[in-house]
Amino acid sequence: MKTNIMLVTNNTSMFGNIENELNRKDVEWYITDSSENAIEKFQQSGIDIVFLHNNMDATDKRKLQKIFNLFDENINIVEIDSNANVATTIANALNNQMKNNFSFIDDALVNAKFNISVAD
């Protein structure tokens, strides 16, 4: 299952090589330069993580955060600082996302002929 990531920035050319830099086959990338395009992609693609670069206008960032939270209250929104290593920030967020995606249910004994339960 692929993780859908959207990167919203005013300068898309600075992130043109991010896909190759991270080299993740389990990620689908959407890089956009306007809040309108970001909202449209968010509605169409089922985005899992949104990265907002700090070169955006503060009003646009707040607007996007509110709208994204209205559509999906569990969406991960991460702000990226210009001085930070963007690839490292994205890789760390992906690792945290993957940790939270796993759950295990052991219901092998639910339909057992003899009601067996495991006591602690």
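The values are calculated or read from the model by the stated rules, or taken from the named source; none is laboratory data. Since this is a predicted model, take the numbers as computed values, not measurements.
Scan the stretch 1-25 for residues that are part of a loop (DSSP other than H, G, I, E, B) and either of a type in the set (A, V, I, L, M) or under 12 Å from the mean Cα position of the chain (by Cα) (or both) and the total you get is 2.
Looking across the stretch 59-88, the residues that are within 18 Å of THR32 (Cα to Cα), assigned to a helix (DSSP H, G or I) and at pLDDT below 85 come down to VAL86, ALA87.
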